[in-house]
Ligand SMILES: [Fe+2]
Ligand SMILES: [Fe+2]
């Protein structure tokens, strides 16, 4: 056994035919095998084969984290600014970064590097969504190999970013909202496996005991994050209040929400409906308009429905 430690990275963040300045490993039969040597790149065919084999993660050495982040920053900058890259390629690069950041946040939510990566992912999601009108429908509801919590977090982020812009939320508030949206359920990732099942249960089926347990995800980890000086208070408050509603029946019984908080809560409730009840986006908005009446401003609910139509989500 060597004393080396490895960090997972989504394979979509290491493209084919791109020189990597560090070693890239695959995890196979309890071993880390060097798959790409520094200064080399992955051939296109090999890369496609890995994807067909449903290999989703590579590993890098912890000590190469800085080099990986630099590599990823320039890959994303080039891809997002490229005139030849398709919207799919742009979306894949950005979601790969978001998924990697959230994987890590799940493992170590109090780590500053993981937070920095999440901030960057949130900024790139905004750039993707604002500069490419078709990107939202490409990313939202996309079936990826990430866990349901991570897919949900990305869905909530892209809907919240675009809907907040339509609702004339300031650029700065959208920026914090995008970060909070990505991070909002990292508390669930801290649960034991059994308790994580609560995430898949429709809200109406949660027993009082289930609710007590489940709503802990808006408390424990939030306190840990709040102690971190590098995390803005707005982000903390957004995460903390994402299960609240205007009737005060959320875990913290808050009945007053800022416009950005109300948007995050609404978008979260909407995507959770699709996920937990396994219904279509169109069926989910119908149910939401009935079940959540009074929990959000009626005007906001109506605008959200109109927005989903404009974006061709329903
Ligand atoms: Fe939640
Ligand atoms: Fe959520």
- Message: Every residue in segment 232-259 that is in a helix (DSSP H, G or I) and over 17 Å from the mean Cα position of the chain (by Cα), please.
- Response: 233, 234, 237, 259
- Inspect segment 141-154 for any residue being at pLDDT 95 or above and over 23 Å from residue 56 (Cβ atoms) and give the result as yes or no. no
- Query: When residues of segment 242-271 are filtered for being away from ligand 2 (no atom under 12 Å from the Cβ) and under 26 Å from residue 286 (Cα atoms), how many remain?
  - Reply: 19
- Message: Within segment 162-188, take every residue that is within 12 Å of the chain's Cα centre (by Cα) and more than 11 Å from residue 234 (Cβ to Cβ) and give me the one that is farthest from ligand 2 (Cβ to nearest atom).
- Response: 178
- Message: If I filter segment 189-231 down to residues being outside any helix (DSSP H, G or I) and under 19 Å from residue 265 (Cα atoms), which single residue comes out as modelled with the lowest pLDDT?
- Response: 219
- Message: Suppose we filter segment 1-45 for residues that are over 22 Å from residue 67 (Cβ atoms) and outside any loop (DSSP other than H, G, I, E, B); how many remain?
- Response: 4
- Can you find a residue in segment 257-268 that is surrounded by fewer than 19 Cβ atoms within 10 Å (Cβ to Cβ) and within 24 Å of residue 172 (Cβ to Cβ)? yes
- Query: Do the conditions hold for residue 68, that is, is it modelled with pLDDT of 95 or more, within 27 Å of residue 149 (Cα to Cα) and in a strand (DSSP E or B)?
  - Reply: no
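The values are calculated or read from the model by the stated rules, or taken from the named source; none is laboratory data. Since we're looking at a predicted model, the values are computed, not measured. Glycine also receives a Cβ, built like all others from the backbone with ideal geometry; neighbour counts cover every protein chain displayed.
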